[in-house]
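Structure, as structure tokens:
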Amino acid sequence: MSAQRQDQDRRLAASDITARKGHAPVVCLTCYTTHMAQLLDPHCDVLLVGDSVGMVLHGLPNIVGVTLEMTILHAQAVMRGSRRAMVVVDMPFGSYEGAPEDAYAAACRVMKETGAQGVKVESGPTVPATIAYLTQRGIPVMGHVGLRPQAALIDGPFKARGRMAGERERVLEEARATAEAGAFAVVVEGVAEALAREVTEAIAVPTIGIGASPSCDGQVLVTEDMLGLFDWAPKFVRRYADLKGEIGRAVEQYAADVRARRFPGEAETYFGKS
């Protein structure tokens, strides 16, 4: 096998994503299932098994109820369906905020049971020390600053962050601390363009924006939002399809055909040999 073919077949790693800083945008989407991973993998650099799975697939009111077992189960499915993209798994609420040793045990379980290439944690006063602890022990970590979904009970409703001077300084400092602790990339969520640009210029690893303007080094969206599977999506989402409408129309037609006995027809029916 040629070196070029080996490189094409190799799954992307943390070092590949970090090397994109400033010259090659990072393409990232959330992913929770094998079939979706098969569809996204040829086009994405990173597949994020986000804790958004709790709301998107399990109907939870927020992401606080997502468990380590849930993220592991979905990460295993994504790994089965992907070949090239780096798979990063969100560490759920309560799995990394305590002692670094506990965070390491949880992250090790994710890595061993899924085969994923990294984990993601949200920022906070104690998190840089945990990132350093994990990365020093061989676990690639993606950071997350700005709007923090896991901290909604403290931070309040989802809204853009960094518009106030004090809040802006906190986001910028957390981004610096996250990168300096060893994160290979940092998700920047829900911040004004000026702050996203400042964060991107201030740290040496790629920023991956979600509602953080084109000033970031890459972008991530919740796939189901981008595909139009819900009635509502945040302001920062561009809908590239209307799958909710397409699915509704397809199911409506199927139901009508069954009730009118048009389905199954001759083409969908097995017949015995005469």
- Message: So residue 39 ticks every box in (1) over 19 Å from residue 219 (Cβ atoms); (2) out of contact with any strand residue (DSSP E or B) (no Cβ under 7 Å at 6 or more places or on another chain) but one. Which box is left unticked?
- Response: (1)
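If you check residue 135 against the conditions, is it surrounded by 15 or more Cβ atoms within 10 Å (Cβ to Cβ) and of a type in the set (S, T, N, Q)?
Numbers: surrounded by 15 or more Cβ atoms within 10 Å (Cβ to Cβ): yes; of a type in the set (S, T, N, Q): yes.
Yes: the conditions hold for residue 135.
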- Message: Where the second residue is at pLDDT 95 or above and not hydrophobic (A, V, I, L, M, F, W, C) and the first is more than 18 Å from residue 18 (Cα to Cα) and in a loop (DSSP other than H, G, I, E, B) and lies in the range 180-198, which pairs have Cβ atoms under 7 Å and are six or more apart or on separate chains?
- Response: 190/211
- Message: Of all residues being of a type in the set (Val, Ile, Thr) and in a helix (DSSP H, G or I) in the range 216-274, which is farthest from the chain's Cα centre (by Cα)? Just the residue, please.
- Response: 258
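Tally up the residues in the range 18-28 that are surrounded by fewer than 19 Cβ atoms within 10 Å (Cβ to Cβ) and closer than 24 Å to residue 148 by Cβ, please. Steps first, answer last, please.
Of all residues in the range 18-28, those surrounded by fewer than 19 Cβ atoms within 10 Å (Cβ to Cβ) come to 18-19, 21-25, 27.
Next, only the ones that are closer than 24 Å to residue 148 by Cβ stay: 18, 21, 25, 27.
Total satisfying the criteria: 4.
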- Of all residues in the range 105-131, which are in a helix (DSSP H, G or I), in contact with a helix residue (DSSP H, G or I) (Cβ under 8 Å, 6 or more places away or on another chain), hydrophobic (A, V, I, L, M, F, W, C) and over 20 Å from residue 63 (Cα atoms)? 129, 131
- Search the range 211-267 for residues being free of Cβ contacts under 8 Å to residues at least 12 places away in the same chain and open to solvent by less than 30 Å² (accessible area, probe 1.4 Å), and hand back the single one that is nearest to residue 196 (Cα to Cα). 233
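The values are calculated or read from the model by the stated rules, or taken from the named source; none is laboratory data. All figures in this text were calculated on a predicted structure; none of them were measured in a lab. Methodologically, a virtual Cβ is constructed for each residue, glycine included, from the backbone with ideal geometry; neighbour enumeration extends over all protein chains shown. Areas reflect the complete protein model, heavy atoms only, side chains present, ligands, DNA and RNA absent. Shrake-Rupley method; radii C 1.70, N 1.55, O 1.52, S 1.80 Å.
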